[in-house]
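Please treat every number below as a calculation from the coordinates, not as lab data. For clarity, every value in this text was computed on a predicted model and none was experimentally measured. When we count neighbours, we look across all protein chains shown, and the Cβ atoms used for this are built from the backbone with ideal geometry, even at glycine.
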Amino acid sequence: MRFTYGELVDRAKSEYPDRPVVQKAIAVSAGRRLDVVRMFTKERELPDLTALIINKGSGECGSGFTRHFDPVATRDLVFNFDWSAVTADFDGFVKSTETAVMPRKKIKESLALELMAAYFKKHKAGLPASVREHKDLIVELIMEGFSEEEAFSQACR
């Protein structure tokens, strides 16, 4: 079983309706949030559960995962692992990790538009033709503190 980033976010929202941070989540930034799950499983020498989350368009894990891991082999490890023996305090891990992770600096829309335009001009030749369809999402991601490169990459997946 695999879930798209969107399905993961929708499920989280339905299971945690009273958590504002979950309710504000968007699929395009879910990959970065999965880094906490990856850290948790790695620290405990467990199979990487993030291999179960795929990109809707490609049908596979994001490039941040596939660049370093074989998603098919990792999913095999996840499915063949005896999870019944695992007792782990994920909430405690998240709380202790939150203090170590610095929040992204929010950027005003006017600056985000300028940064997007400058990045577009510099990298236009290497960007897909469909990039213009994702302008609003790119601006939103830059405003959330993603670098221009990250915003364009995530929006154009």
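Based on C-alpha pairs under 8 angstrom that are at least 6 apart in sequence, the chain has a relative contact order of 19 percent. When the range 1-73 is described by a simple charge dipole with +1 on each Lys and Arg Cβ and -1 on each Asp and Glu Cβ, the residue from ILE54, SER29, MET1 located farthest towards its positive end is SER29.
Here the extension length gained between ASP35 and ALA85 equals 15.7 nm, from 0.36 nm per residue of separation less the Cα-Cα distance. Note on CYS156 and LEU113: their simple-model spin labels are 2.2 nm apart, each label 7 Å out from Cα toward Cβ. With everything on Cα atoms, drop me the angle between helix 5-15 and the longest principal axis of the chain, reported from 0 to 90° to the nearest 10. Once rounded, the angle reads 60 degrees.
Estimated from the Cβ-Cβ distance and a Förster radius of 35 angstrom, the FRET efficiency linking LYS124 and LEU77 is about 0.30.
Note on PHE69/GLU7: beta-carbon distance plugged into 1/(1 + (r/R0)^6) with R0 of 25 Å gives a FRET efficiency of 0.75. Measuring between alpha carbons in the structure, the pairs from LYS42/LYS106; LYS24/LYS108; LYS24/LYS135 lying more than 24 angstrom apart are LYS42/LYS106. Any idea how far apart GLU60 and SER14 come out in nm if each label point goes 7 Å out from Cα toward Cβ? So the two model labels end up 2.9 nm from each other.
Modelled this way, with points 7 Å down the Cα-to-C-beta line, the labels at ASP136 and GLU43 are 3.8 nm from one another.
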